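Participant: Please find one structure pasted underneath; my questions will follow.
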Amino acid sequence: KKKKVLSAEAVKEELLKKYPPKVARKRDKQIHITGEEDSSEIMANVRTIPGIITMRGCTYAGCKGVILGPTRDIVNITHGPIGCGFYSWLTRRNQTKAPSATDENFMPYAFSTDMQDEDIIFGGEKKLEQACLEAYELFKPKAMAIFATCPVGLIGDDVHAVARKMKEKLGINVFAFSCEGYKGVSQSAGHHIANNQIFTHVVGENDTVKMGEYKINVLGEYNIGGDAFEIERILEKCGITMVSTFSGNSTYEQFATAHTADLNTVMCHRSINYVAEMMETKYGIPWIKINFIGAEATAKSLRKIAQYFGDKKLIDRVEEVIAEEMPQVQAVLDEVFPFTKGKTAMLFVGGSRAHHYQELFNEMGMRTLSAGYEFGHRDDYEGRHVIPDIKVDADSRNIEELEVTPDTARFSPRKSVEQLMRLEAEGLKFKDYEGMMPEMDKGSIVIDDLNQYEADKLVELMKPDIFCAGIKEKFSIQKMGVPMKQLHSYDYGGPYAGFKGACNFYKEIKRMVTSKVWSGMKAPWEENPELSATYVWE
Ligand code: CFN
Ligand code: HCA
């Protein structure tokens, strides 16, 4: 019997019911039901209320783990207690492929100054210098990066001074990040800090121009579970040259030559828009939004790139590639569709996946009942350019504060930013800021900075067929009898990007939503019949 048990409004009311009034008022602004006429805004990128068990991570994680982590040939030294370095050591599953065994790959190492009480009391700069010298002695890297953790900020060690000193002494590029964990409200501040420093210290260092007719950078793709390998395969097949990626499967040289590309394509806008904007300002390289999560989204993105260059040869080649790839995708989809159709999902991930993965679920005929970002900003939710609301302090300069010189003619990008704007005015859409809320079905529940209490409550009330989030959520959700897929690390799976990735995802989700394991468990509503109503979507 089909019965819609709880309306989105009733679910929202339930979520807020237990909170003290002040907390409820704040959370109310962070929970949005799509299609509501009275407001199209959501409060985001604000501090988590102390005491609430947030899903978020810290600024250090966003800087060291997310942006710099996937580059294989920079020695990344964490200046801090060992836990920070240890817990950011390979847990993100960003992969890399050095061309040969002799090529540098420092990713399997965790470099840290392992600060002790004594260093906190007397200062840790000397120990940091020592760590740099030791790392250089052992590995002779072409560059080193230093990351400050909370205690370093609190005691005031000057990581930038140490970096300058080491740069001079060792004759290699050494730069530092004031990315103390407490610095922002989430990982997001860490992205900004990382972007600023990479742009200031590395981009533009090497003017070597790569061969290739259509040269692009792929920004905001981090090669989790091998996603970048699949994207590289597709771009190569289309005859598109990748100059750099920020930063999946990347190298120092890629960052240094990034300014020689014709076009920046931006996948995770949240984490890397700063680099895209700065390259546009300084080098006149336009950027467009793309997304390789979902087979249709991949095809659309390839077409958008081809459309940007406007050459018939590329446009035709892209169509050929899509025509070649799609039949396999369709074959897998035909297989899984009868099992996945009509099933429901919930997605709570960082700053873009909770939106991007809805593409894949849509392709499988699954509806996302509720979704949200850990640290997305309003533009990520609302799909329009909202004035940036992030505040980064003096150390980690703001875009406006960077002294950039317009240098647009240097590598003569195929089209200038002005030309792109003219094309936009003619109706070609390149620079759309897609957003989560406008693209979700009316009546869906969008929740910013979901916490453990609300996650459990949502599952209890709406019983999705699958819940997607991170490691902290995994086991509590599974214990409630609901399959849980990690959309950060992909558990042990992937790639999920591109055409082959879509096939992998379809199969994995079909396996999970049809699994007998979960039906064998006693979920709370099985023991308490009053909770046993099911949510059915028509
Ligand atoms: S790979 Fe990216 S896609 S970079 Fe960002 S916003 Fe994190 S590490 Mo976890 S999985 Fe996640 Fe996004 Fe961009 Fe990853 S959704 S939270 S900081 N993220
Ligand atoms: C981070 C990294 C993380 C954590 C994932 C998770 C990742 O935020 O520090 O909570 O499972 O993707 O590895 O987002």
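Yes/no per residue for (1) within 27 Å of the chain's Cα centre (by Cα); (2) open to solvent by 60 Å² or more (accessible area, probe 1.4 Å):
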site: 46; (1), (2): yes, no
site: 59; (1), (2): yes, no
site: 94; (1), (2): yes, no
site: 101; (1), (2): no, yes
site: 131; (1), (2): no, no
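Participant: Just one of 19, 60 is modelled with pLDDT of 95 or more, out of contact with any His (no Cβ under 9 Å at 6 or more places or on another chain), among the hydroxyl-bearing types (Ser, Thr, Tyr) and assigned to a loop (DSSP other than H, G, I, E, B); which is it?
Facilitator: Details: 60 fails: assigned to a loop (DSSP other than H, G, I, E, B).
Result of the check over 19, 60: 19.
Participant: Given the options 174, 185, 209, 218, name the one that is open to solvent by 20 Å² or more (accessible area, probe 1.4 Å), of a type in the set (A, V, I, L, M, F, W, C) and in contact with a helix residue (DSSP H, G or I) (Cβ under 8 Å, 6 or more places away or on another chain).
Facilitator: Working: 174 fails: open to solvent by 20 Å² or more (accessible area, probe 1.4 Å); 185 fails: in contact with a helix residue (DSSP H, G or I) (Cβ under 8 Å, 6 or more places away or on another chain); 218 fails: open to solvent by 20 Å² or more (accessible area, probe 1.4 Å).
Exactly one of 174, 185, 209, 218 is open to solvent by 20 Å² or more (accessible area, probe 1.4 Å), of a type in the set (A, V, I, L, M, F, W, C) and in contact with a helix residue (DSSP H, G or I) (Cβ under 8 Å, 6 or more places away or on another chain), namely 209.
Participant: Further question: Given the criteria of a type in the set (Ser, Thr, Tyr), surrounded by 14 or more Cβ atoms within 10 Å (Cβ to Cβ), touching a residue at least 24 places away in the same chain (Cβ under 8 Å) and in contact with a Lys or Arg (Cβ under 8 Å, 6 or more places away or on another chain), does residue 71 qualify?
Facilitator: Values: of a type in the set (Ser, Thr, Tyr): yes; surrounded by 14 or more Cβ atoms within 10 Å (Cβ to Cβ): yes; touching a residue at least 24 places away in the same chain (Cβ under 8 Å): yes; in contact with a Lys or Arg (Cβ under 8 Å, 6 or more places away or on another chain): no.
Against the criterion (of a type in the set (Ser, Thr, Tyr), surrounded by 14 or more Cβ atoms within 10 Å (Cβ to Cβ), touching a residue at least 24 places away in the same chain (Cβ under 8 Å) and in contact with a Lys or Arg (Cβ under 8 Å, 6 or more places away or on another chain)), residue 71 does not qualify.
Participant: Taking the residues in region 140-169 that are open to solvent by 30 Å² or more (accessible area, probe 1.4 Å), of a type in the set (A, V, I, L, M, F, W, C) and more than 30 Å from the chain's Cα centre (by Cα) as candidates, determine which candidate is farthest from residue 119 (Cα to Cα).
Facilitator: Selected residue: 161.
Participant: Among the residues of region 176-195, is there at least one that is more than 23 Å from the chain's Cα centre (by Cα) and closer than 30 Å to residue 268 by Cα?
Facilitator: no
Participant: Give the residues of region 156-172 that are touching a residue at least 60 places away in the same chain (Cβ under 8 Å) and of a type outside the set (A, V, I, L, M, F, W, C), sorted by residue number.
Facilitator: So in region 156-172, the residues touching a residue at least 60 places away in the same chain (Cβ under 8 Å) come out as 157, 159-160.
Within region 156-172, 157, 160 meet the criteria.
Participant: Please work out which residue is farthest from ligand 2 (Cβ to nearest atom), limiting yourself to region 74-92 and to residues that are in contact (Cβ under 8 Å) with a residue 60 or more places away in the chain and open to solvent by less than 30 Å² (accessible area, probe 1.4 Å).
Facilitator: Let us first name the residues in region 74-92 that are in contact (Cβ under 8 Å) with a residue 60 or more places away in the chain, namely 74-81, 84, 91-92.
Filter again for open to solvent by less than 30 Å² (accessible area, probe 1.4 Å), leaving 74-80.
Working: 74: 18, 75: 20, 76: 14, 77: 18, 78: 13, 79: 18, 80: 15 Å.
By that ranking, first place goes to 75.
Participant: Does residue 293 qualify as being among the hydrophobic types (A, V, I, L, M, F, W, C) and over 28 Å from residue 141 (Cβ atoms)? Steps first, please.
Facilitator: Values: among the hydrophobic types (A, V, I, L, M, F, W, C): yes; over 28 Å from residue 141 (Cβ atoms): yes.
It is true that residue 293 is among the hydrophobic types (A, V, I, L, M, F, W, C) and over 28 Å from residue 141 (Cβ atoms).
Participant: Okay, moving on. What about residue 304, is it open to solvent by 10 Å² or more (accessible area, probe 1.4 Å) and either at positive phi or away from ligand 1 (no atom under 16 Å from the Cβ) (or both)? So that I can check it myself, show each step before the final result.
Facilitator: Working: open to solvent by 10 Å² or more (accessible area, probe 1.4 Å): yes; either at positive phi or away from ligand 1 (no atom under 16 Å from the Cβ) (or both): yes.
Yes: the conditions hold for residue 304.
Participant: Identify, from the list 110, 98, the residue that is aliphatic (A, V, I, L, M) and within 16 Å of ligand 2 (Cβ to nearest atom). So that I can check it myself, show each step before the final result.
Facilitator: Values: 98 fails: within 16 Å of ligand 2 (Cβ to nearest atom).
Checking each option against the conditions leaves just 110.
Participant: Looking at region 456-510, which of its residues are part of a helix (DSSP H, G or I), among the small types (Gly, Ala, Ser) and under 30 Å from residue 228 (Cβ atoms)?
Facilitator: 498, 501, 502
Participant: How many residues does region 112-129 hold that are open to solvent by 30 Å² or more (accessible area, probe 1.4 Å) and either part of a strand (DSSP E or B) or under 24 Å from residue 198 (Cβ atoms) (or both)?
Facilitator: 3
Participant: Can you tell me which residues in region 246-292 are in a loop (DSSP other than H, G, I, E, B) and under 23 Å from residue 373 (Cβ atoms)?
Facilitator: Taking region 246-292 as the starting set, the residues that turn out to be in a loop (DSSP other than H, G, I, E, B) are 248-249, 251, 261-262, 267-268, 284-286, 290-292.
248, 267, 268, 290, 291, 292 - these are the residues of region 246-292 that are in a loop (DSSP other than H, G, I, E, B) and under 23 Å from residue 373 (Cβ atoms).
Participant: Looking only at region 452-482, which residues are crowded, with 16+ Cβ neighbours inside 10 Å, within 23 Å of the chain's Cα centre (by Cα), away from ligand 1 (no atom under 16 Å from the Cβ) and free of Cβ contacts under 8 Å to residues at least 40 places away in the same chain?
Facilitator: Once the filter is applied, which keeps residues that are crowded, with 16+ Cβ neighbours inside 10 Å, within 23 Å of the chain's Cα centre (by Cα), away from ligand 1 (no atom under 16 Å from the Cβ) and free of Cβ contacts under 8 Å to residues at least 40 places away in the same chain, region 452-482 yields only 477.
Participant: Do any residues in region 333-356 that are in contact (Cβ under 8 Å) with a residue 60 or more places away in the chain have Cβ atoms under 8 Å from those of residues that are among the aromatic types (Phe, Trp, Tyr) and surrounded by fewer than 20 Cβ atoms within 10 Å (Cβ to Cβ), where the two are at least six apart or on different chains, and which pairs are they?
Facilitator: As it stands, the answer is 342/537; 344/535; 344/537, since those pairs meet every condition given.
Participant: Name the helices (runs of 4 or more DSSP H) wholly inside region 293-383 in which the number of residues that are more than 16 Å from ligand 2 (Cβ to nearest atom) and among the small types (Gly, Ala, Ser) is 3 or more.
Facilitator: Answer list for region 293-383: 295-309.
Participant: Would you check if residue 153 is free of Cβ contacts under 8 Å to residues at least 40 places away in the same chain, part of a helix (DSSP H, G or I) and touching a Phe, Trp or Tyr at 6+ places or on another chain (Cβ under 9 Å)? Before you say what the answer is, go through the steps one by one.
Facilitator: Details: free of Cβ contacts under 8 Å to residues at least 40 places away in the same chain: yes; part of a helix (DSSP H, G or I): yes; touching a Phe, Trp or Tyr at 6+ places or on another chain (Cβ under 9 Å): yes.
When the stated conditions are applied, residue 153 passes them.
Participant: With 209, 202, 174, 185 as the choices, which residue is at pLDDT below 95 and either within 16 Å of ligand 2 (Cβ to nearest atom) or within 21 Å of residue 144 (Cα to Cα) (or both)? Steps first, answer last, please.
Facilitator: Working: 209 fails: either within 16 Å of ligand 2 (Cβ to nearest atom) or within 21 Å of residue 144 (Cα to Cα) (or both); 202 fails: at pLDDT below 95; 174 fails: at pLDDT below 95.
None of the others qualify; the one that does is 185.
Participant: Also: Output the residues belonging to region 189-205 that are assigned to a loop (DSSP other than H, G, I, E, B) and open to solvent by 40 Å² or more (accessible area, probe 1.4 Å).
Facilitator: 205 - this is the single residue of region 189-205 that is assigned to a loop (DSSP other than H, G, I, E, B) and open to solvent by 40 Å² or more (accessible area, probe 1.4 Å).
The values are calculated or read from the model by the stated rules, or taken from the named source; none is laboratory data. Just so it is clear, the model here is predicted, and its values are computed rather than measured. So basically every Cβ, Gly included, is an ideal-geometry build from the backbone, and we count neighbours across all protein chains shown. Remember, those area values only see protein heavy atoms, side chains included, never the ligands or the DNA or RNA. Shrake-Rupley method; radii C 1.70, N 1.55, O 1.52, S 1.80 Å.
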